[in-house]
1. Can you tell me the accessible area per residue over the chain, all protein chains present, probe 1.4 angstrom, in square angstrom?
2. Whole-Hz ³J(HN,Hα) for each residue in the stretch 509-516, computed from phi via Karplus 6.51 cos²θ - 1.76 cosθ + 1.60 with θ = phi - 60°, x for glycine and proline: what do you get?
3. Counting only residues 5 or more places away or on other chains, whose amide H sits under 5 Å from the amide H of THR399 once H atoms are built in the peptide plane?
4. From the Cα trace of the stretch 278-328, what convex hull volume per residue do you get, rounded to a whole Å³?
5. Return an integer: the convex hull volume of the alpha-carbon atoms of the stretch 65-186, in Å³ per residue.
6. Any chance you could give the angle, 0 to 90 degrees and rounded to 10, that helix 367-378 forms with the longest Cα principal axis of the chain?
7. What FRET efficiency, computed as 1/(1 + (r/R0)^6) with R0 = 35 Å and r the Cβ-Cβ distance, is obtained for ASP171 and ASP416, rounded to the nearest 0.05?
8. Please work out the FRET efficiency for the pair GLU503 and GLU462, using the Cβ-Cβ distance as r and a Förster radius of 51 Å; give the result to the nearest 0.05.
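The values are calculated or read from the model by the stated rules, or taken from the named source; none is laboratory data. Quantities reported herein were computed from a predicted structural model and do not represent experimental measurements. Glycine also receives a Cβ, built like all others from the backbone with ideal geometry; neighbour counts cover every protein chain displayed. Accessible surface is based on the protein model in full, side chains and every heavy atom, while ligands, DNA and RNA are left aside. Shrake-Rupley method; radii C 1.70, N 1.55, O 1.52, S 1.80 Å.
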Amino acid sequence: MPLVGTAGHVDHGKSTLVRRLTGRDPDRWAEEKRRGLTIDLGFAWSTLPSGTVVSFVDVPGHERFMKNMLAGVDGFEAALLVVAADEGWSPQTTEHVAALHALGVERAVVAITKIDAADPDLVDLVALEIDERLAETSLAGSPIVPVSALTGAGIGDLEAALDSVVSTVPDRSGLPVRLAIDRAFTVPGAGTVVTGSLGSGIVATGDDLELMPAGRVVTVRGLHRHDEPVERAAAGSRVAVNLAGIGRDDLSRGMMLAEPGTTTATDRILLELRAVPDQPPPDERGAFHLHLGTGVWPVVLRPVDDGAALAMADGPMPTAAGDRVVLREVGRRTVVGGGRVADPVPPRRRRDALALLDRLVPVAATPNGRAASLLAAHRSAAVADLRRWSGGGGASGATVVGATAFAPGVLDELADRAGPLVDRAHADHPLRPGLRRAELASALRITPEVLDHVVGGGGLEERGAWVARPGHRPVLDDAQLGAWSAARRVLTEAGTSPPRADELGLDEEVLHFLYRAEELVSVGAFAFLPDTIDQVMAIVDALGDGWTVSAFREALGTSRRHAVPLAEWLDARAITRRDGDRRSRRRPGPG
Ligand code: GDP
Ligand code: MG
C-alpha cells in the first residue's frame, strides 16, 4: 500500500485537496480546526481508479512546523506537491521540495490547485515555473495537473496521475517491520498507543517488536489501520498500535519500533550526502539538525569526501544503513542536504571513514546488499551486528565462524599474516614446536575458534597448543646434545636426589624441549629421569596407604627437599590422595 505525502506552502490547499480525494478530513484536531492549520500530521486514504488504496500523510506548511513536516516524510514513497494557481511557487514550496530532494524522493505528482480562482493563462505560467524549478531536483519531470478542490475540476486526471506514479512504488512488506513513531498517547481502557507510518514489513497482533534506541521489547496487543481494528497491516499503512509492556511516558516521537535485531542505536552515522540545489553543501562550521525517521537530533558534521559526511550526535539515534535523512541548518532554518545512512557504526576519524567510502557508497538497495557492503568495509562483524547495521540483512556469501562473519578474502589475509609469525617463532625458538595458539590468536586479534580456520588455510598445522609449519622438527644441535649427555649422567648417578634443574647446565629452551619430549619430568624445581620416576612409583605402590612424607623420604633414600615436591607432584597427578599429613595411592579406575 503506497504512502503519499503532501507538500507545499501553507494555505495552498493541501488539506482541502486531500479531503476532496479521500472524502476524509485530514485536519483532525480541534485546535488545528480553530487555527486553520494542520499543526500535526493528518492522514486520510482512498481507493484510486485502479483499485490501489493509497494513504495520504498531510503535513503542515507553516514554517514553524517544518519539523512536523519532516517527521511525516519518513516512509514516503511518493509526494503530492500542491501549488496554488493564484499564488504560484512560494518559499515553503522551495523548502519542501528541497526536503523531498534531499530524501531522494523521486515519485511525485504536482497539483496546481485553486484553478477556479485564477486565470487560465496564469495557470500555464505557474506550470512552466514549476517544471523549471523541479528540473534540478529529484522530482524533475513530475506530471503537473491543474485542479480545483472546490469545483472538482481535474480531480479525475489527478487520480489517474497518482495511480500511474504509485504503481511503480516497490512493495516493502517483505522487509523487516519498521515503524517510526510520530505520536504516543494513552487510551482509557486500552492503554498505550503509538501511531506512525509503517515503512516496511507486516505487523500483526501478538508480534514482539523492539523499541529503539532503548532496545526494549514490547508486544503488539492491538492494531488499527486507517481507524479500523485489524489483525495485521502491511508496509505503507498508517497504523495505530496498542502496546503491552510499556507506558506512554517511555515513548516519544523519534523512537522506532522494529523487528527485533534489525535496527541499531548509534551516536554517529556516515551519510551518503546529497546537496540541495542553490544551497552551499553543509560543512563542519554549521549547527545542523538531522531528521531521521520521525526524530530530530542536533549533530556536528565532518565532511569526509564529496558526497559523504560523518554526523555526530549527543545521544543514540535508532537507525540502520539505508535510512533516509534530512539535514537542516539550525541558524537559517533551511534544508541544506540529506541522503542516506551508509554506515551506522563508522570509524570516528575522517581518514578512516574515507578509506571505507567506496565500499559503502552508493548505498545498496536491499538489506542483504547493505550487509555485504558493511561487511566488506568492516572486514569482520558479529552476524547479529550486521543484521542490525543493515536493517535486517544476512551474511550470505560471507565465511561465518561461530557468531562472526568475515568478508571474502579476510581469512586468507589472516592466514597470510599467520605464516610469517610462525616462521619467526621457528627461527627464534627452534626447539619449540612452533608458536603458541593463544599467542598467534592474540597477535591476529581473533578468537581461538577463528584461528582453526586460519591455520587450515595458511599452510600451517596444529600441534596441541601450538601452531607450526608441517616441516618443522625441533632437534638438539651438537652442543646441546653434549650438554644433555652430561646432564643425563649426573641425573642417573643422583637417582632420587638430583640437583635442581637450573643446576644441570642446560639452557632453558633445551630443558623445556626435553620435558616436551618426555626425556625429563619436571617436578617442582627438579628434573627427574623417567626411569627414576618409575622407581618412585614402585615405592609408592609398596608403601600402601596412609604414609607420611618422612616414611616416603626414608623409602626413597632422599631428603625432604626432594620428597616434598615429589609427593606434591603425585597429588597433582591424582596418583596419590592426601588426607591431612598422610597420603594413599589412589585406586586405578574411575573414582
Ligand atoms: P493547506 O494549508 O495547504 O492545507 O491549505 P488548506 O487546504 O487549509 O486551504 C487553505 C484555503 O484555501 C482554505 O480557505 C480553502 O478553502 C482554500 N482552498 C483550498 N482549495 C481550494 C480550491 O481549489 N479553490 C479555492 N477557491 N479555494 C481553495
Ligand atoms: Mg493543511
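1. Working: 25840 Å² over 591 residues.
Solvent-accessible surface per residue comes out at 44 Å².
2. 4, 5, 4, 5, 4, 5, 4, 5
3. Long-range HN contacts for THR399: PHE406.
4. Per residue, the Cα convex hull of the stretch 278-328 comes to 93 Å³.
5. On the way: hull volume 17.0 nm³, N = 122.
Taking the convex hull of the Cα positions in the stretch 65-186, it is 139 Å³ per residue.
6. In the chain, helix 367-378 runs at an angle near 50 degrees to the longest axis.
7. On the way: r = 45 Å, r/R0 = 1.27.
So, using R0 = 35 Å, E works out to roughly 0.20.
8. With a Förster radius of 51 Å, E is 0.90.
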